[in-house]
Amino acid sequence: MKSTAPVEKNLVYTVEIEDLTYQGMGVAKIEHFPIFIADSIPGEKIETKIIKVQKNFAFGRVEKVLEESPDRVESNDAAYTQTGIAPLQHITYDAQLKFKQNQIKNLLKKSHLEDLEVADTVGMENPTGYRNKAQIPVRKIKGKLQTGFFKRNSHDLVPIEDFYIQDPVIDKVIVEVRDILREFYIDPYREAENKGIIRNIMVRRGRRSGQIMVVLITRTKDVPHLAEITEAIAAIDGVVSVIQNINYKQTNVIMGDEDRVLAGESVIHDELLGLDFIISAHSFYQVNPIQTEKLYQLAIDKAGLTGEETVIDVYSGIGTISLAMAKAAKKVYGVEIVKEAVQDAKINAFQNNASNTEFVVGKAEEQMQKWQEDGLKPDVVVVDPPRKGLDQSVIDATVGMKPKRVVYVSCNPATLVRDIDRFGEQGYVVNQPIVPVDQFPQTPHVESVTVLERA
Ligand code: SAH
C-alpha cells in the first residue's frame, strides 16, 4: 500500500514542537500528521530528520535546534535521551514538574473532570542519583561484554557507566560486576537465538542501610567459574547478598522463577519513616526512597487516621504503607499477589512490632470480594495498583464495603482518571487537590495521591 504520509524517510523538515507525549517525546505536525521527536521541547523550532514513517505517524530526530526553549538545559549525554533511562534530562527540573502536573490536568479535562484541582508536583531537591534499584542488560558489542541500557523501542544496547538517575554507588557496583564477568569470559546473552549465559544484572541498595543485593540473571543454571565470580562479587564493599536467578525463556520478562542464594543473605534491609524493612529479590520496593517517604506521609495524612480505624492496603507489596499506617490505626489488612513480598511483609510486621496487621497472598480482584462477603467494614481503603489501575471488581467490592475514604496512590494518571470516574458513578467524590509526587525525575512517569470520599 502506498503511504499517504506527507513526510519521507531521511528527509529534513523544519517544524515547531507543539506538545509533549506521555513518553516525553516532542510532537510536531505537518499537514496534521504527527511526528514524534525525542530530545525536543514544546515551543521549539527545529530541523528534524525523519527516521521512520508509519501509517498514521512518524519518528524524527533533532538535526538542529533553530529556536531554543527557555526550558532546555544543556544535554548531559545523548545516551540518556536515546535510551529510556532519562528521556526528560534535556528539560529543566521546574518544567518537568509542571509537565507532570499538566499531564494529570489534561487527562481530567478530557474526561470532563476539569473541576478537580491538581496541586503543584512535589519535587526533589537533587533530582539525580535517586534510584535504589537497577536492572541492567548485559550484551556483547564488538566482542566485548558491555552493560548499559537499551535504545528506545529497541534492544540495541548503549554502553553506559554513569546512569545519572541511579544511586552512584549502584553504578560503581555494576562496573565492578561487569569487570568480574569480563575477567572470566562469561558469554553475554544473545536474544535472537536464546543463547549465551549472563542476561542481566540486578542491583538494589538500601539508601539508609547501605546494604547491597546483586542478582545475576542467567539463562543457564551452570555458569563457568561461578564460585570465583561469587567470591569476587561478595567482596565488593556493601554487598550482603549475592543471588543467581535463572531465566531459561526467550522473553522480555527479566527474571525467571528459579533463585539460589550464592553468598550471604537472601534479603537486604532498608528503613522508611523510621521502620525497618526486609526486601527480597522478587519483591516490589519503591525506587526513590527520598520521595517515597513524602508519598507515604501524604497518604497517611490524607487517610485521616485517629487510631480507631480499620484499614485495607490493597497491593501491599512488602507492607510498607500498611506498617506506616498501623501505627495510627486499629487494624490494617494487606493483600498482595507476590508470595515472597507477603512473606517479607509478615516478617516486617513482626520486626516492627505491628501485631495489628494481617497480610494475605492473593489477587486484589478476588480478595476484596472475599472480604466484602465476610462483612469486613474498613474505614479507609488504600490502593496502590500497578499501571493498569483498578479492575472494576476491585472498585465494586471497595464501594460495597462503604469505607469513608479511599486513598488512591497512582503511578499512571490515565488509569487514575478512568478510576476516579468509575468511583464517581458510585458516589465517591474528590474534594481535595490531587497531589503529584515526583518519584521518577528525568523520566515522564507521574505518581500521585488522590482522596475519594463517600458523598
Ligand atoms: N504499596 C506497595 C506496593 C505497590 S506496587 C509499595 O508502596 O511498596 C503494586 C503491587 O501490586 C506490587 O507489589 C505487585 O506485586 C502487586 N500486584 C500486582 N497485581 C496485583 C493483583 N492483581 N492483586 C494483588 N496485588 C497485585
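The values are calculated or read from the model by the stated rules, or taken from the named source; none is laboratory data. As the structure is a prediction and not an experimental result, all values here were calculated from the model. Don't worry about glycine lacking a Cβ; one is built from the backbone with ideal geometry, like all the others, and counts go over all protein chains shown. Heavy atoms of the whole protein, side chains included, go into the accessibility calculation; ligands, DNA and RNA do not. Shrake-Rupley method; radii C 1.70, N 1.55, O 1.52, S 1.80 Å.
Is it the case that some residue within the stretch 374-396 is surrounded by 15 or more Cβ atoms within 10 Å (Cβ to Cβ), over 19 Å from residue 284 (Cβ atoms) and of a type in the set (Lys, Arg)?
No, that holds for no residue.
Being surrounded by 15 or more Cβ atoms within 10 Å (Cβ to Cβ) and aromatic (Phe, Trp, Tyr) is the filter here; which residues of the stretch 185-210 pass it?
Within the stretch 185-210, 189 is the sole residue that qualifies.
Per-residue answers, yes or no, for (1) assigned to a strand (DSSP E or B); (2) in contact with a Ser or Thr (Cβ under 8 Å, 6 or more places away or on another chain); (3) β-branched (Val, Ile, Thr); (4) over 16 Å from residue 197 (Cα atoms):
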site: 230; (1), (2), (3), (4): no, no, yes, no
site: 250; (1), (2), (3), (4): no, no, no, no
site: 255; (1), (2), (3), (4): no, no, no, no
site: 270; (1), (2), (3), (4): yes, yes, no, yes
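Looking at 360, 407, 382, 399 in this structure, which one is of a type in the set (Val, Ile, Thr), closer than 19 Å to residue 426 by Cα and within 10 Å of the ligand (Cβ to nearest atom)?
382
Do you know which residues across the stretch 363-373 are within 11 Å of the ligand (Cβ to nearest atom) and in a helix (DSSP H, G or I)? Step through it out loud before you land on a result.
Our first condition is that a residue be within 11 Å of the ligand (Cβ to nearest atom); within the stretch 363-373, this holds for 363-368.
The answer is 364, 365, 366, 367, 368.
Can you find even one residue in the stretch 143-164 that is polar (S, T, N, Q), out of contact with any Cys (no Cβ under 6 Å at 6 or more places or on another chain) and closer than 27 Å to residue 289 by Cα? Lay out the reasoning, then the answer.
Initial filter on the stretch 143-164 (polar (S, T, N, Q)): 146-147, 153-154.
Then keep just the ones that are out of contact with any Cys (no Cβ under 6 Å at 6 or more places or on another chain); that gives 146-147, 153-154.
Those left that are additionally closer than 27 Å to residue 289 by Cα: 147.
Looking for residues that are polar (S, T, N, Q), out of contact with any Cys (no Cβ under 6 Å at 6 or more places or on another chain) and closer than 27 Å to residue 289 by Cα, one finds at least one in the stretch 143-164, hence yes.
When the residues of the stretch 313-322 are filtered to those that are part of a helix (DSSP H, G or I) and hydroxyl-bearing (Ser, Thr, Tyr), which remaining residue is nearest to the ligand (Cβ to nearest atom)?
320
Please count how many residues of the stretch 284-295 are more than 9 Å from the ligand (Cβ to nearest atom) and of a type outside the set (A, V, I, L, M).
Number of matching residues: 5.
This table checks each residue for (1) more than 12 Å from the ligand (Cβ to nearest atom); (2) open to solvent by 30 Å² or more (accessible area, probe 1.4 Å); (3) not assigned by TED's automatic domain parsing to the domain that holds residue 394.
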{"residue": "267", "(1), (2), (3)": "yes, no, yes"}
{"residue": "282", "(1), (2), (3)": "no, yes, yes"}
{"residue": "297", "(1), (2), (3)": "yes, yes, no"}
{"residue": "311", "(1), (2), (3)": "yes, no, no"}
{"residue": "324", "(1), (2), (3)": "no, no, no"}
{"residue": "334", "(1), (2), (3)": "no, no, no"}
{"residue": "339", "(1), (2), (3)": "no, yes, no"}
{"residue": "345", "(1), (2), (3)": "no, no, no"}
{"residue": "355", "(1), (2), (3)": "yes, yes, no"}
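Give the stretch 299-309 a look and list any residue that's open to solvent by 10 Å² or more (accessible area, probe 1.4 Å) and within 13 Å of the ligand (Cβ to nearest atom), or say none.
Matches in the stretch 299-309: 300 only.
Which ones in the stretch 423-455 are buried (at least 24 other Cβ atoms within 10 Å of the Cβ), aliphatic (A, V, I, L, M) and in a loop (DSSP other than H, G, I, E, B)?
Within the stretch 423-455, just 446 meets the criteria.
Give me the residue from the stretch 410-422 that is hydrophobic (A, V, I, L, M, F, W, C) and surrounded by fewer than 22 Cβ atoms within 10 Å (Cβ to Cβ) and, out of that set, nearest to the ligand (Cβ to nearest atom). Walk me through how you get there before you give the answer.
The initial filter retains those residues of the stretch 410-422 that are hydrophobic (A, V, I, L, M, F, W, C), namely 411, 414, 416-417, 420.
Still in the list and also surrounded by fewer than 22 Cβ atoms within 10 Å (Cβ to Cβ): 411, 414.
On the way: 411: 8, 414: 17 Å.
Looking at residues that are hydrophobic (A, V, I, L, M, F, W, C) and surrounded by fewer than 22 Cβ atoms within 10 Å (Cβ to Cβ), I get 411.
Would a scan of the stretch 167-186 turn up a residue that is touching a helix residue (DSSP H, G or I) at 6+ places or on another chain (Cβ under 7 Å), part of a strand (DSSP E or B) and at pLDDT 95 or above?
no
Need pairs with beta-carbon distance below 6 Å; first residue within 25 Å of residue 307 (Cβ to Cβ) and within the stretch 335-356, second among the aromatic types (Phe, Trp, Tyr) and within 15 Å of the ligand (Cβ to nearest atom); sequence gap 6+ or separate chains.
345/359; 346/359; 348/277
Considering the stretch 134-157 alone, what residues qualify as being surrounded by fewer than 19 Cβ atoms within 10 Å (Cβ to Cβ) and within 27 Å of residue 439 (Cβ to Cβ)?
135, 150, 151, 152, 153, 154, 155
On the basis of being under 18 Å from residue 135 (Cβ atoms) and polar (S, T, N, Q), does residue 291 make the cut?
no
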